[in-house]
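The values are calculated or read from the model by the stated rules, or taken from the named source; none is laboratory data. Worth saying up front: this structure is predicted, and the values here are computed from it rather than measured. Cβ sites come from the backbone with ideal geometry, for glycine too, and all protein chains shown count toward neighbours. Ligands, DNA and RNA are stripped out before the accessible areas are found, and what is left, the full protein with its side chains, is counted by its heavy atoms. Shrake-Rupley method; radii C 1.70, N 1.55, O 1.52, S 1.80 Å.
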Amino acid sequence: MEQPQPAPGSLSWRLSSHPITLLTFLGFRVSSLLVYLFGLLFTDNLVMIFIITILLLAADFYYLKNIAGRRLVGLRWWNEVDPSTGDSHWVFESSEPGTKVINATDSRFFWIAIYAQPLFWIALAVVAVFSFKFIWLPLVAIALVLTITNSLAFSRCDKFSQASNIAGSAFNGGNLAGSIASNMVGRFFTR
């Protein structure tokens, strides 16, 4: 007897266009939280838990920024510094419309994980404060900086991508109002 196939866009990694990338991305996202939460069950060494959690957060930051974002949703960002003035600015990159089809399942997993992890770290910060475990606050602060930076950057990158797509289709198609309406409505149903 065959099991029914999940609907397209549902949260099943089997529907992913890049299952290894997706599972690695989710593994990094979850592993830092698990080490932080359950590390004391396996060792009494706070420094080791701190270091392992930081390494997992750094790996998650790098993998998300440079690999998972590009493969799962076609987005990438980086920060450039002008050597003459020292000013820094963020650069956003998205795949060209029509060259990459974004899988609805990949997109849903990506955006849920992007926004859920900072919420978990905020909750863990509140727990650390109210349980008077102030020794964990620097680690939670580092986790919040890394996860919120990626969340903000990918949100801006997505908005930049949509603005570029609207402008490109408006200049090519000549129907600006139709382009804006279809992109706004389409966004609600693709995530």
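In summary, Ser161 fulfils each of the numbered conditions (1) open to solvent by 20 Å² or more (accessible area, probe 1.4 Å); (2) modelled with pLDDT under 85 with the single exception of condition (1). Just one of the listed residues (Ile112, Ile49, Ile54) is assigned to a helix (DSSP H, G or I), out of contact with any helix residue (DSSP H, G or I) (no Cβ under 9 Å at 6 or more places or on another chain) and at pLDDT 90 or above, and it is Ile112. Taking the range 14-36, which residues are over 14 Å from the mean Cα position of the chain (by Cα), closer than 12 Å to Ile67 by Cα and in a helix (DSSP H, G or I)? Ile20, the sole residue that qualifies. Every condition in (1) polar (S, T, N, Q); (2) more than 19 Å from Thr21 (Cβ to Cβ); (3) surrounded by 13 or more Cβ atoms within 10 Å (Cβ to Cβ) holds for Thr105 except the one numbered (2).
Restricting the first member to the range 105-118 and to residues that are touching a residue at least 24 places away in the same chain (Cβ under 8 Å), and the second to residues that are charged (D, E, K, R) and assigned to a helix (DSSP H, G or I), the beta-carbon pairs closer than 7 Å and six or more apart or on different chains are Ala113/Arg29; Gln117/Arg29. Considering the range 54-94, the residues that are closer than 17 Å to Leu26 by Cβ and among the β-branched types (Val, Ile, Thr) include one that is least open to solvent (accessible area, probe 1.4 Å), namely Val73.
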